[in-house]
Amino acid sequence: MSSDNIEKEIKRRRTFAIISHPDAGKTTLTEKFLLYGGAINLAGSVKGKATARHAVSDWMEIEKQRGISVTSSVLQFEYDGYCINILDTPGHQDFSEDTYRTLMAADSAVMVIDGSKGVEAQTRKLFKVCVMRHIPIFTFINKLDRDAMDTFDLLDDIEKELGIATCPVNWPIGSGKAFQGVYDRKTQTVITYSDTEKGTKEGVSEEVSVSDESAMRSLIGDEAADKLLGEMELLDGAGADFDLDEIRAGNLTPVCFGSALTNFGVEIFLKHFLAMTTSPLSREAVSGGERKVIVPEENDFSAFVFKIQANMNKAHRDRVAFMRIVSGRFDAEKEVKHIATGKVMRLSQPQQIMADERKILSEAYGGDIIGVFDPGIFSIGDTVCAPSMNIKYDGIPTFAPEHFCRVHLMDTMKRKQFVKGATQIAQEGAIQIFTELSGTMEDVIVGVVGVLQFDVFKYRMENEYNVEVRMDSLPFEHIRWIVNPESVDVDHLTGTSDMKKVRDMKGNPLLLFVNEWSAQMTIDRNKGLELAEFSEN
């Protein structure tokens, strides 16, 4: 394929993550995007109450039972000439580490906020990760079909809580039973709201210009018209001006309003978003000891692994490594180099994933997310690239677990399945597994960022690996990696009574503590000892 065609394909890619607090309507919004792209014909009921359908992006059995997303899904569809890669993330804070890793693969983020609740705790946490990585944020204020907070208060909440300026692209006319539609600031038109069936995209909406005041008043009524005109005057005088450079720098968030459930404002938001967001961005990598900028259109194929998932489909029983393609064109027939091992190989069964449905593909481009069969050689953060390149993308941080359990195997005859299951689930990055310095894999300690991960681990061990386990809670809350194990005597460290020495799956020594004070005391008692709160893969 000519370089012009490769550049054209990369330029039409858009890759973004959807983030929110649980229950803000993120998965519903994702499904409506797919509906407009023709990727699905009928949106599923996310909670599974209205019908037996489940959201396309919630593929794991435990997700369908609980009605929450516990793992990131990758969804690709075409819309209006764009090839869109959506990374749908878990909203629940107990699965936030999966979201952090997924944000590493995104070029921008869509933040979904519940109009009746404003900015919530999890939104704050995820937003900080976006700021840290300078990811542009586009805000969709959802659930306007229910009673919402005052619109100015909502914008004020975003600005105060998240420290980012807001620029409304459109403006709601009422909320709840009084919700009539939105005012589009660019076209200066009123677009009226029309309720639709939950799973469909058809709906009738009228559009009138505010310059035709009599037509507008007859459409929305005098009271709503007076309120809108007053709010517009106030907003034009006080609101931040639209500035695309500031948006792309992550300093200003465009805001749209609507209702994902009733399907109003979703396509309006999608069109605005696509016009403002960028094609795949350049990334830095290390090459020959020096940092180098990898431009998507100017370099050969390169990618990095940001997620590994085992047993996505009971019929497959395999592991899939998800890769974000950073540059060039991926050709399934060509060999690539796995930088960590130096091996040159073909990527096996490259596929586009629609939750748990797969489509084998022969090519993909910078910005795309692909899944490949993992025989057990890939780790999160690994770089793969054309054999002619010798680059390494930065590793993805491993976050320190905050909760720990000792896991006991109930049937020692199933040791092999236990080791396989625990290892595979740990390699996905959702849990971390530790053994005591003298321990074995039959008696391990599991560490997680959120306690719900323990339920997921136990459920998956029993249902995917047919292994029954008992989990006993441990009092530890702090973990530290030993930065310089070669220059200290790990076996004879002088610690505190609540300290436990363990190893991670890579053999690195770590220390567990009940409180922060114990960690500092251990540093004071052992000259030269260096401890760190997280480890780079």
Problem set entry | Accessible area in square angstrom per residue, region 187-286, 1.4 angstrom probe | 50
Problem set entry | Net lengthening on full extension, E402/N508 (0.36 nm per residue, minus Cα-Cα) | 36.3 nm
For this session: Name all residues of region 229-260 having a backbone nitrogen under 13 Å from the label point set 7 Å from the Cα of S205 along its Cα→Cβ direction, giving them as ranges.
Result: 256-260
Problem set entry | Spacing of the two label points (7 Å from each Cα toward its C-beta) at D153 and E486, in nm | 6.0
Exercise. Sorted by accessible area with a 1.4 angstrom probe, largest first, how do T494, T412 fall?
Worked result: T412, T494
Problem set entry | For region 401-537: accessible area per residue (Å², 1.4 Å) | 49
For this session: Alpha carbons only, please: Rg and Dmax for region 448-537, in angstrom.
Result: 15.5, 47
For this session: Of the options L512, N463, A532, report the single residue whose Cα projects farthest towards the positive end of the charge dipole of region 391-537 (beta-carbon charges: Lys, Arg +1; Asp, Glu -1).
Result: N463
Problem set entry | Virtual spin-label span in nm between E298 and K343, 7 Å along Cα→Cβ | 3.3
Seminar exercise, completed: Per the C-alpha gyration tensor (a ≥ b ≥ c, the square roots of its eigenvalues), region 386-537 is rounded if a/c is under 1.5, else prolate if a/b beats b/c, else oblate; here it's oblate
Seminar exercise, completed: Carbon plus sulfur, as percent of the 1.4 Å-probe accessible area of region 400-441, comes to 53
For this session: Express the carbon and sulfur contribution to the solvent-accessible surface of region 450-537 as a percent, rounded to the nearest whole number, probe 1.4 angstrom.
Result: 48
Seminar exercise, completed: Links exceeding 19 Å between C-alpha atoms in this model, out of K414/K458; K8/K392; K32/K186; K11/K334, come to K8/K392; K32/K186; K11/K334
For this session: Under a cut-off of 12 Å between alpha-carbon atoms, report the aspartates and glutamates in cross-link reach of K143, not counting same-chain residues fewer than 8 places apart.
Result: D23, D114
Problem set entry | region 207-279 versus region 469-499: alpha-carbon centroid distance in Å | 54
For this session: Work out from phi, with θ = phi - 60° and the Karplus expression 6.51 cos²θ - 1.76 cosθ + 1.60, the ³J(HN,Hα) of each residue of region 370-381, listed in order in whole Hz, and give x for Gly and Pro.
Result: 10, x, 10, 5, 10, x, x, 9, 8, 10, 4, x
Exercise. Measuring from label point to label point, each 7 Å out along Cα→Cβ, what is the A178 to A238 span in nm?
Worked result: 1.8
For this session: Determine which residues of region 377-408 fall in the zone a paramagnetic label at R291 would reach in this model, i.e. backbone nitrogen under 12 Å from the point 7 Å along Cα→Cβ.
Result: 394
Seminar exercise, completed: Between L437 and N390, the FRET efficiency computed from the C-beta separation at R0 = 41 Å comes out, to the nearest 0.05, as 0.65
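The values are calculated or read from the model by the stated rules, or taken from the named source; none is laboratory data. The structure displayed is predicted, hence computed values, not measured ones. Glycine gets a Cβ as well: all are built from the backbone with ideal geometry, and neighbour counts include every protein chain shown. Heavy atoms of the whole protein, side chains included, go into the accessibility calculation; ligands, DNA and RNA do not. Shrake-Rupley method; radii C 1.70, N 1.55, O 1.52, S 1.80 Å.
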